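Notes for the one structure printed next.
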Amino acid sequence: MAPPSALYTEPFAPLDSVPLKSGFDVKPLPVDSNKPQTLEDMAEKWEQGFKFAPIRESQVSRAMTRRYFTDLDTYAESDIVIVGAGSCGLSAAYMLGKARPDLKIAIIEASVSPGGGAWLGGQLFSAMVMRKPADAFLRDLGVPFEDEGDFVVVKHAALFTSTLLSKVLSFPNIKLFNATAVEDLITRQTSDGSLRIAGVVTNWTLVTMHHDDQSCMDPNTINAPVIISTTGHDGPFGAFCVKRLVSMQQIEKLGGMRGLDMNTAEDAIVKRTREVVPGLIVGGMELSEVDGANRMGPTFGAMALSGVKAAEEALKVFEE
Ligand code: 48N
């Protein structure tokens with residue numbers, strides 16, 4: 001019986017240097033030593049019979065899975081886990097990525113698309129308002145805005161969120177696990193009998209959403225000494241971690257978000273961003289649910305600065 005590789009007729013693209021597990025003894029084709037193509041080169045190629053470099057489907061699969069599973073292994077022990085990649089969580093990640101390139105930071109985001117509620121300014125309008133002094137965060141990030149005196153306006157919320165996201169994802173010590181939900185918290189009993197949060201329990205979000213209609217689908221875990229929870233106040237998983245603290249009797253009850261009052265809400269959220277229980281820092285709109293703070297509606301300065309504060313709180317743990 002001929003070896004499997006002899007059964008294939010199409011030419012193989014150059015394979016990765018990692019030896020094939022399957023025992024195929026396929027020899028990689030000579031790598032094309034052409035200089036890297038430029039877009040200008042393309043133009044003349046359309047006519048000459050444009051052609052992509054050859055590939056084998058398994059190479060795509062291996063390129064994705066090798067990296068993903070290496071990341072899962074690397075971040076199984078993280079220094080900080082951020083739950084929720086909305087404007088607050090991403091702002092915290094940005095500050096941490098800048099301040100501590102030595103720390104491993106995992107971001108767990110339930111949605112396929114990170115960014116939370118910050119893709120539009122309010123009622124599906126594009127522009128995003130931030131009250132001063134949050135313009136300092138926009139300048140640090142490099143997002144242009146129009147100055148209206150006591151507040152500034154970013155012409156499209158997506159400009160803020162996409163810039164923030166691109167900066168966060170470019171940090172080599174930060175890994176975003178999107179389409180992944182935190183569905184529980186890892187806890188430890190401390191010597192004085194109190195409880196400390198010591199990591200998160202995760203699953204594919206689609207699995208988390210179907211625990212009630214499928215047999216047991218156990219989760220995965222990430223150990224970390226510090227969790228920053230910024231899961232927002234609404235949405236299918238809104239305020240997840242603080243609701244879990246109530247159901248595990250770590251806090252008595254939720255204060256419940258109050259009505260809209262921009263001036264009161266934004267000051268309160270930034271001031272109160274803190275470690276709610278040992279090991280768990282809460283910021284952004286999730287905090288309004290635990291403290292009973294007002295909501296602020298379509299203004300995002302508190303989200304950015306709550307993220308800045310949450311990062312500072314987290315770094316205290318690593319300074320002690
Ligand atoms: O944008 P959000 O919802 O949360 P924040 O706090 O970053 O920003 C809130 C802000 O968008 C507002 O609500 C504005 C200011 N309006 C205020 C008002 O008065 O209406 O992002 C939370 C993220 C989302 O992307 C969720 O998908 C994600 O957290 N998430 C989770 N990810 C993983 N595991 C979970 N259990 C989970 N729960 C939520």
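Computed values, structure above
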| item | result |
| --- | --- |
| Long-range HN-HN contacts of residue 184 with modeled amide H, under 5 Å | 201 |
| Carbon plus sulfur fraction of accessible area for the chain, probe 1.4 Å, in percent | 57 |
| Principal-axis tilt of helix 87-99 within the chain, Cα atoms, nearest 10 degrees | 70 |
| Only Lys, Arg (+1) and Asp, Glu (-1) charged, at Cβ; segment 66-107 dipole about Cα centre in debye | 160 |
| Amide hydrogen neighbours beyond the local backbone of residue 107, cut-off 5 Å, H modeled | 82, 175, 176, 177 |
| Sites residue 315 and residue 46, calculated FRET efficiency, Cβ-Cβ separation with R0 35 Å, nearest 0.05 | 0.10 |
| Degrees between helix 157-170 axis and first principal axis of the chain (Cα, 0 to 90, nearest 10) | 60 |
| Per-pair calculated FRET efficiency, R0 = 51 Å: residue 234 and residue 61 via Cβ, rounded to 0.05 | 0.85 |
| Within segment 204-231: backbone nitrogen closer than 12 Å to the residue 196 label point (7 Å, Cα to C-beta) | 224-227 |
| Rg/Rh (Cα only; Kirkwood hydrodynamic radius) as it applies to the chain | 1.07 |
| Label-point separation, residue 179 to residue 76 (7 Å along Cα→Cβ), nm | 2.2 |
| Residue-averaged [θ]222 nm for the chain, counting only DSSP H segments that reach four residues, each worth -39500 (n - 2.57) | -10500 deg cm²/dmol |
| Charge dipole of the chain about the Cα centre (unit charges at C-beta), most positive-ward option of 136, 158, 36 | 36 |
| Whole-Å distance, taken between Cα centres, linking segment 247-285 and segment 84-131 | 18 |
| Förster radius 35 Å - calculated FRET efficiency between residue 39 and residue 112, Cβ distance, rounded to 0.05 | 0.75 |
| Using distinct alpha-carbon pairs, which all enter the 1/r mean, Kirkwood radius of segment 167-285 in Å | 16.1 |
| Cleavage-rule hits, trypsin sites (Lys or Arg not before Pro), segment 249-291, DSSP coil, Cβ neighbours within 10 Å at most 11 | 253 |
| Residue list for segment 146-163, given a label point 7 angstrom along the Cα-to-Cβ vector of residue 127 and an amide N cut-off under 12 Å | 146-149, 151-157 |
| Residue-normalised accessible area of segment 102-252, given per residue in Å² at a 1.4 Å probe | 50 |
| Length released on extending from residue 69 to residue 271, taking residue separation times 0.36 nm less the Cα-Cα span | 68.8 nm |
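The values are calculated or read from the model by the stated rules, or taken from the named source; none is laboratory data. Owing to the predicted nature of the structure, the values given are computational and were not obtained by experimental measurement. Positions of Cβ are generated from backbone atoms using ideal geometry, with glycine treated the same way; all protein chains shown enter the neighbour counts. Each accessible area value is taken on the protein alone, full model and side chains, heavy atoms only, with ligands, DNA and RNA left out. Shrake-Rupley method; radii C 1.70, N 1.55, O 1.52, S 1.80 Å.
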